[in-house]
Amino acid sequence: MILRLLKSSSPFIYILFLLIGILFWAVSLINPLPYSFFDSENANVFYYPIFKITDNLTLLQVVLSIIIVLFLAFLVQQINSRYAIIRARTKLSVAVYIIFIGGFTTMHTLHPVYFGAIFLLFGINSLFSIFNNPKPQTDIFNAGLFISIGTFFYFNLIVILPAFLIAISILRRERKWREFLILMIGFVIPSLFALSYAFVTDQLNDVFITFQKNIITPVNYLKNNFPLLGYLILLVLLTLIGSVKIMQQYNSMKVSTRKYYLVLFIIFVFSMVSFVFVPAVSLEMLVISVLPVTFLVSNLFTSIESGFWRELLFTLLVVSSIFMQIADRIFG
């Protein structure tokens, strides 16, 4: 019944999405806590001014995190609506993303990864636009530009850049080396402006130190966090089931939809690889990783024919996310 309500296409459903966000952030709103940054994690070029404004305003940080998550969920829905990634006409992807992040209770406050995720979605939207586009240069340039801007909020977003290069090969029927070059030019230009400004203001060394610490600082919020690991196991299970469902639908999909899902898969893989090869990557990268998973799982919930299994899996996800609010306070 809950799932049936959330699958509605009524414009009033957005009010329900807002209420869901407030529900999952309720504990943090009552007892707001700041994020425990490691040294220089909050010092990225574009994020640091935001941090200075919101520092010590923990409730504002929590409220802003809700607003940004709702905005990210809306962007996911806009991409789905524009490119028809999910077969059914539904806004369910909004609820799925909110519920996913609702289970990451440590992330119920402001973090630079949220701003990085915004620009990643802008980049994905630009990438998808190049499919069967006779003049894709502008969109390819914008994709590189958005990723570059995102890295100045959350530096480790740079791990997605190779996925964007691979995406051009997937989405373009005739691959031209100039298109890869255009993407890299779009990525490099903001970096040149930022580094030039840092050089003129004698902050270049500080910028390099910040980037270095955002790569090599060992962080692992997942270690011994058994409630979170259990929640992630559920998300992995839903991802695997969703992947099986996609494979069953593969032959009946449009060529464009197949390619979009393949691009999303590549982005997911590179975000996962970062957990292994980048010491500073930890819980926050999950905000990025679940973006492509949101499309997959939303498609699953709209495609399962059995009402019993559909409602059971969705209820299990909701209950698990709610449990994480309690577990966070019990286990600290």
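In this structure, is Leu181 under 30 Å from Phe46 (Cβ atoms), assigned to a helix (DSSP H, G or I) and modelled with pLDDT of 90 or more? Yes; evaluated as a whole, the condition is true for this residue. Exactly one residue out of Leu300, Leu238 is touching a Gly at 6+ places or on another chain (Cβ under 6 Å) and of a type in the set (A, V, I, L, M): that is Leu300. Do we find that Thr201 is farther than 24 Å from Asn133 by Cα, surrounded by 15 or more Cβ atoms within 10 Å (Cβ to Cβ) and among the hydroxyl-bearing types (Ser, Thr, Tyr) in this structure? When the stated conditions are applied, Thr201 does not pass them. Taking the numbered list (1) polar (S, T, N, Q); (2) touching a residue at least 60 places away in the same chain (Cβ under 8 Å); (3) part of a helix (DSSP H, G or I); (4) surrounded by fewer than 17 Cβ atoms within 10 Å (Cβ to Cβ) in turn, Thr210 passes all entries but (4). Here Val255, Val219, Val236 are screened, and the one residue that is surrounded by 15 or more Cβ atoms within 10 Å (Cβ to Cβ) and either farther than 18 Å from Val269 by Cβ or of a type in the set (A, V, I, L, M, F, W, C) (or both) is Val219.
Considering each residue of the stretch 269-283 in turn, none proves to be of a type in the set (S, T, N, Q), part of a helix (DSSP H, G or I) and farther than 20 Å from Phe104 by Cβ.
Screening the stretch 122-159 for residues that are among the aliphatic types (A, V, I, L, M), touching a Gly at 6+ places or on another chain (Cβ under 8 Å) and buried (at least 24 other Cβ atoms within 10 Å of the Cβ) and picking the one that is nearest to Met285 (Cα to Cα) gives Leu157. If I ask for residues that are more than 21 Å from the chain's Cα centre (by Cα), without any contact (Cβ under 8 Å) to a residue 24 or more places away in the chain and in a helix (DSSP H, G or I), which ones from the stretch 123-159 would you list? Thr138 - this is the single residue of the stretch 123-159 that is more than 21 Å from the chain's Cα centre (by Cα), without any contact (Cβ under 8 Å) to a residue 24 or more places away in the chain and in a helix (DSSP H, G or I). If the condition is being over 27 Å from Gln212 (Cβ atoms) and among the hydrophobic types (A, V, I, L, M, F, W, C), then the stretch 149-179 contributes Ala167, Ile168, Ile170, Leu171, Trp177. Got at least one residue in the stretch 300-312 being surrounded by fewer than 19 Cβ atoms within 10 Å (Cβ to Cβ), hydroxyl-bearing (Ser, Thr, Tyr) and either in contact with a helix residue (DSSP H, G or I) (Cβ under 6 Å, 6 or more places away or on another chain) or part of a helix (DSSP H, G or I) (or both)? Checking the stretch 300-312: at least one residue is surrounded by fewer than 19 Cβ atoms within 10 Å (Cβ to Cβ), hydroxyl-bearing (Ser, Thr, Tyr) and either in contact with a helix residue (DSSP H, G or I) (Cβ under 6 Å, 6 or more places away or on another chain) or part of a helix (DSSP H, G or I) (or both).
Looking only at the stretch 46-72, residues that are over 18 Å from the mean Cα position of the chain (by Cα) and surrounded by fewer than 20 Cβ atoms within 10 Å (Cβ to Cβ) come to 15 in all.
Okay, residues lined up against (1) within 22 Å of Val69 (Cα to Cα); (2) among the aliphatic types (A, V, I, L, M); (3) more than 20 Å from the chain's Cα centre (by Cα); (4) modelled with pLDDT of 90 or more:
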residue: Val263; (1), (2), (3), (4): no, yes, no, yes
residue: Val273; (1), (2), (3), (4): no, yes, no, yes
residue: Val287; (1), (2), (3), (4): yes, yes, no, yes
residue: Ser306; (1), (2), (3), (4): no, no, yes, no
residue: Arg310; (1), (2), (3), (4): no, no, yes, no
residue: Leu317; (1), (2), (3), (4): yes, yes, no, yes
residue: Ala327; (1), (2), (3), (4): yes, yes, yes, no
residue: Ile330; (1), (2), (3), (4): no, yes, yes, no
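Quick check: anything in the stretch 224-232 buried (at least 21 other Cβ atoms within 10 Å of the Cβ), among the small types (Gly, Ala, Ser) and part of a helix (DSSP H, G or I)? Looking through the stretch 224-232, none of the residues is buried (at least 21 other Cβ atoms within 10 Å of the Cβ), among the small types (Gly, Ala, Ser) and part of a helix (DSSP H, G or I).
Of all residues in the stretch 22-37, how many are within 21 Å of Tyr154 (Cβ to Cβ) and either within 21 Å of the chain's Cα centre (by Cα) or of a type in the set (Ser, Thr, Tyr) (or both)?
Initially, the stretch 22-37 is screened for residues within 21 Å of Tyr154 (Cβ to Cβ), giving 25, 28, 33-37.
Applying the additional criterion that residues be either within 21 Å of the chain's Cα centre (by Cα) or of a type in the set (Ser, Thr, Tyr) (or both) yields 25, 28, 34-37.
Qualifying residue count, the stretch 22-37: 6.
Yes or no, residue by residue, for (1) assigned to a loop (DSSP other than H, G, I, E, B); (2) farther than 30 Å from Ile246 by Cα; (3) aromatic (Phe, Trp, Tyr):
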residue	(1), (2), (3)
Pro49	no, yes, no
Val63	no, yes, no
Gln77	no, no, no
Ile86	yes, no, no
Arg89	yes, no, no
Tyr97	no, no, yes
Thr106	no, yes, no
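The values are calculated or read from the model by the stated rules, or taken from the named source; none is laboratory data. Values in this document were obtained by computation on a predicted structure and should not be read as measured data. For neighbour counting, all protein chains shown are included, and Cβ atoms are generated from backbone atoms with ideal geometry for every residue, glycine included.
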